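The values are calculated or read from the model by the stated rules, or taken from the named source; none is laboratory data. A quick note: this is a predicted structure, and the numbers were derived from the prediction, not measured. As a convention, Cβ positions derive from the backbone with ideal geometry for all residues, glycine included, and neighbour counts pool all protein chains shown.
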Number of protein chains: 2
Amino acid sequence: MLTPISDPSDARLADYRDLRDVQLREHLEIENGLFLAEGEKVVRRAVEAGFTPRSFLMAEKWIDGLAEVFGEAPVYVVDESVSEELTGFHVHRGALAAFERKPLPSLDEVLDGARSVLVLEDVVDHTNVGAVFRSAAAMDFDAILLAPRCADPLYRRAIKVGMGAVFSMRWTRLPDWHSALPDLSARGFNTVALTLAPDAVPIEEAVAGVDRLALVLGSEGRGLSARWEQAADQRAIIPMAAGIDSLNVAAASAVACYVAARRTGA
Amino acid sequence: MLTPISDPSDARLADYRDLRDVQLREHLEIENGLFLAEGEKVVRRAVEAGFTPRSFLMAEKWIDGLAEVFGEAPVYVVDESVSEELTGFHVHRGALAAFERKPLPSLDEVLDGARSVLVLEDVVDHTNVGAVFRSAAAMDFDAILLAPRCADPLYRRAIKVGMGAVFSMRWTRLPDWHSALPDLSARGFNTVALTLAPDAVPIEEAVAGVDRLALVLGSEGRGLSARWEQAADQRAIIPMAAGIDSLNVAAASAVACYVAARRTGA
């Protein structure tokens, strides 16, 4: 259903307003049960992954490329000047779409049959969260668990950087920060925390022979909290050259997932 | 030499003007032989690595933390409102410093004795270039070579993301794009290109037994040029889950450097 709109203040465009205001958007999107996808490829992947579109927003020239995925949802056709005034930036990848979030699955559902799980404590940057999802998906990890303060993986930028990996990866929020790691251990996972702690062993050694693995990563700045670092069954390090303090979280997660994916069986 | 300045248009502040204009800054900095470092830790690392400061710019409260590295260079002390008007953004890490670039070393100097070298074709994003430098340094790579169109690793954002790895890593620009890989082969390097080409072998296999390795990465979007892909001695892939098209360049370089650093000897 194509609907040309020329007034940026039209109420039907509310899902797309002020996209540059990250904090406002995170609250608004989660509270209203929506997320935004940007660019033809990612929009298409969201539809293919079974998410229900609330609406699409694009300039006329992008319609043909996405026509087959529109279904029953309204398609707001706007000039670029309108979308720029509405969203606050130049939508250079052409198409935007608003989708309904699905309820987060339970921990039981997410962990059912999982052998390799990534657990993120407080990764607060959406770019990093997206990169981590993409790497974990590429390395065939089964699921991702997010601590309560970890950034939203369905935020537009996280989706884009992750190339839509968040649509197919099983993931959920941990209900409780405090007991999260002991709870995973009790469920039969060996929790391995990436850290610079003095008793950390090389990651290859830490994951060797582990059947059900929960690989645990901390935040960009401070790394893991003391509680999580100590609560993990093992502490592991990616061996690094002398004088280098750490890798960034996207690089560290890629290496750790690569090593974990190749671990020898239990 | 502390010099309070209250006028953002003061000519002595020219090195710090319009920092948000990436294109303008890249040209201006390279042509004027300077680069900027931001934040106490990175500024300190630049001094410790032997770069000569042209000047420092900061609010009064940051002076004590950096006083020992000032040397003879002028320190422009400005209110935050002045630095914001001058630079175009809020300098939240406190201190900025302008340093003299050093002349780029020759290829011979950079490759002298090197066993593991990373070669970047057209990585155009400063964040990615910074992340790649940081990962290569962490994995004890000896040198990095940049194709003519690769982004500047001494651009402020690249330095910051790389945590100053660019100061200690040996690197230079390749004088010529066309013959770069055959030239490296002629110098005794085995050039291994990361690609999705049909004849690519798993990276572990490709680097096994290689003495002098030149690991070759392409741009964020299109990957390697056809010329470089075919000119490489080998094509290699990081094995990925079905349905995933690629890792981002920071993640891919971290994994590839990790694997290469652990390769069995020739």
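Taken together, A:Ala232, A:Ala256, A:Ala242 contain a single residue that is more than 21 Å from the chain's Cα centre (by Cα), of a type outside the set (Phe, Trp, Tyr) and within 11 Å of chain B (Cβ to nearest Cβ), which is A:Ala242.
So that you can scan it fast, the table gives a plain yes or no per residue for (1) surrounded by 15 or more Cβ atoms within 10 Å (Cβ to Cβ); (2) touching a residue at least 40 places away in the same chain (Cβ under 8 Å); (3) assigned by TED's automatic domain parsing to the domain that holds A:Val129; (4) not in a loop (DSSP other than H, G, I, E, B):
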residue: A:Ala193; (1), (2), (3), (4): yes, yes, yes, yes
residue: A:Leu215; (1), (2), (3), (4): yes, yes, yes, yes
residue: A:Arg227; (1), (2), (3), (4): no, yes, yes, yes
residue: A:Gln230; (1), (2), (3), (4): no, no, yes, yes
residue: A:Ser246; (1), (2), (3), (4): yes, yes, yes, no
residue: A:Ser253; (1), (2), (3), (4): yes, yes, yes, yes
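In the stretch B:122-148, of all residues being more than 13 Å from the chain's Cα centre (by Cα) and at negative phi, the one that is surrounded by the fewest Cβ atoms within 10 Å (Cβ to Cβ) corresponds to B:Pro148.
Annotation for the stretch B:167-188: at least one member residue is surrounded by fewer than 19 Cβ atoms within 10 Å (Cβ to Cβ), within 14 Å of chain A (Cβ to nearest Cβ) and polar (S, T, N, Q). Yes or no: the stretch B:18-28 includes at least one residue that is modelled with pLDDT of 90 or more and either over 28 Å from A:Ala241 (Cβ atoms) or touching a Pro at 6+ places or on another chain (Cβ under 9 Å) (or both). Looking for residues that are modelled with pLDDT of 90 or more and either over 28 Å from A:Ala241 (Cβ atoms) or touching a Pro at 6+ places or on another chain (Cβ under 9 Å) (or both), one finds none in the stretch B:18-28, hence no.
Among the residues making up the stretch B:195-222, those that are touching a Ser or Thr at 6+ places or on another chain (Cβ under 8 Å), farther than 13 Å from B:Ala147 by Cβ and either of a type in the set (A, V, I, L, M) or within 14 Å of chain A (Cβ to nearest Cβ) (or both) are B:Leu196, B:Ala208, B:Leu213, B:Leu215.
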